[in-house]
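The values are calculated or read from the model by the stated rules, or taken from the named source; none is laboratory data. As the structure is a prediction and not an experimental result, all values here were calculated from the model. Counting neighbours? That spans all protein chains shown, and the Cβs are built from the backbone with ideal geometry, glycine included. Heavy atoms of the whole protein, side chains included, go into the accessibility calculation; ligands, DNA and RNA do not. Shrake-Rupley method; radii C 1.70, N 1.55, O 1.52, S 1.80 Å.
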Amino acid sequence: MVCSLSLSSHPEALHICLMLQVQNSYSYTKSDWAADISAAQAIGIDGFALNTAVDSYEQTKYPDAFAAAQAADFDLFISFDMTYEWETTDMVNLVKQYASSSSYYKWEGKPLVSTFGGDSDSNDFWTTFKTDLANAGISISLAPAFIDYREPDEATQMLSNFTAIDGFFNWWSWPADENANLTTDTDLAYKTALSSAGRSGPYIMSVSPWQFKELGDGQDWVEQCDTLWDYRWQQAIHDVQPDIVEIVTWNDYGESHYISDINPVVNLGDLAPLYVDGFDHSGWRTMAEYYISWFKNGTAPVIEEDKVIYWYRVYPKSITCSQGALPRNSQFPEDAVFAFSILKSAANISLTIGESTTTYNAGKGVAIGSVPFSKMDGQKPVIEIMRDGQTVKSGTGSKAINTTNCDYYNFNTFVGVV
């Protein structure tokens, strides 16, 4: 999750953050936290939102996380996972313990607290939470992700129902089970509603690269995300200009929207490794770095090196696999290799897989193209940057397309960089 304060409303305090699943830190040491923080800072990210559930170990990871953050001048803030049964007393105690840390992120001087869910709790629940903290001398800014609120025409009613909240985090950064691009209707409606209601908290817009899950028991789905990582950033920069952009996520491997390296110390259970292991997403950080700079500075960054980021699924959507269930919306993604160019000057981008080649002219700056792969068994995509008939750079995807043999349904994507 990326969090970044917009230029227009808070030019003095630009901030980028990512949602980090504390649940996946069971085997973490302080060095793991330091490595994650270093990788995030390298692309302009300034903090993590610590998505925290109720269990026996997650809060025990906080001391190492905050120690590593303080050493790196990096921000953290708490995001309660309200799909678990949090008691207000425990929530208050956790905020009290860390709100005074120099690494706890403050929105307009107040510790920011967010959530995943929580709209099934009453307004009285959230009023009690804030009042108990205020009685302890801590005035927070509460910006929850009430996930049942997605429709634009529900924004005013949500704020009427929940007078205790200061801001809002729109979790929904993927299309809603439809083969279409995500619009900004929800973002603009809730941002406007907050302003009209005079609320002092931030409007937080989520940006995410992918959404696929194959864990059984009804948790098998994919959304239309073929070019989402590009156009969602464009929406944030040009159309919504939110107070905060939150990248979803740093390390939620199970839903395939991680942009971190795959940490080998993380226990992903029995099923997630079948579609996560070997599917590197680190190249998406290169795209994020470009757009984060643009968002923070208000202008497109100067490009010093030609690059192409490419991504593709390994299995066509029509394949029958021996295990798992065909995910919901499996018909939506294109069987294609996608390429996003970042160029110092105009060039031709050539995408070849097997006997199929697509070449498109990409101007200075960024552009996107694709080439289909549906009948290219055993072939690996080749990506070239060409100027004046000469290949300037080239690269080959490390995974071959597999149209004949699938052990487990996998709509995750492999990401590479030329």
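Numbers for the structure displayed
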{"read-out": "Listed residues V308, V265 arranged by accessible area, highest first, probe 1.4 Å", "value": "V265, V308"}
{"read-out": "Using θ = phi - 60° and Karplus 6.51 cos²θ - 1.76 cosθ + 1.60, couplings along region 379-396 (whole Hz; Gly, Pro as x)", "value": "8, 10, x, 10, 10, 10, 9, 10, 9, 6, x, 10, 7, 7, 8, 8, x, 10"}
{"read-out": "Euclidean distance of C-alpha centroids, region 13-74 and region 172-214, integer Å", "value": "24"}
{"read-out": "Probe 1.4 Å, all protein chains present, accessible-area order of V266, V392, largest first", "value": "V392, V266"}
{"read-out": "The chain, relative contact order in percent, only Cα pairs under 8 angstrom and at least six apart counted", "value": "15"}
{"read-out": "Accessible area of K344 in the full protein assembly, 1.4 Å probe (Å², nearest 10)", "value": "100"}
{"read-out": "Per residue solvent-accessible surface (Å²) - the chain, probe of 1.4 Å", "value": "39"}
{"read-out": "Rg(Cα) / (2.2 N^0.38 Å) computed for region 356-418, rounded to two decimals", "value": "1.32"}
{"read-out": "Under Karplus coefficients 6.51, -1.76 and 1.60, residue-wise ³J(HN,Hα) of region 127-143 in Hz, glycine/proline x", "value": "5, 4, 4, 5, 5, 4, 5, 4, 5, 8, x, 10, 9, 9, 10, 9, 10"}
{"read-out": "Gain in span if fully extended, D185 to V392, counting 0.36 nm per residue against the direct Cα distance", "value": "70.4 nm"}
{"read-out": "Peptide ranges 186-197, 240-251 listed from the most packed, as the mean C-beta count within 10 angstrom indicates", "value": "240-251, 186-197"}
{"read-out": "Carbon + sulfur, % of accessible area of the chain - ligands and nucleic acids excluded, 1.4 Å", "value": "44"}
{"read-out": "Rounded accessible area of H238 (nearest 10 Å², 1.4 Å probe)", "value": "100"}
{"read-out": "Estimated Rh, the chain: Kirkwood, alpha-carbon pairs, angstrom", "value": "22.1"}
{"read-out": "Under 14 Å, Cβ to Cβ, from A236 - net charge with Lys/Arg +1 and Asp/Glu -1", "value": "-2"}
{"read-out": "Built amide H within the under 5 Å cut-off of L76, gap 5+", "value": "F48, Y104, Y105"}
{"read-out": "3J(HN,Hα) from dihedral phi, region 368-378, Karplus parametrisation 6.51/-1.76/1.60, rounded to Hz, x for glycine, proline", "value": "9, x, 7, 9, x, 10, 4, 10, 10, 4, x"}
{"read-out": "Sum of side-chain charges, I262 neighbourhood, beta-carbon under 10 Å (Lys, Arg +1; Asp, Glu -1)", "value": "-3"}
{"read-out": "Around W221: net Lys/Arg minus Asp/Glu count, Cβ-Cβ under 15 Å", "value": "-4"}
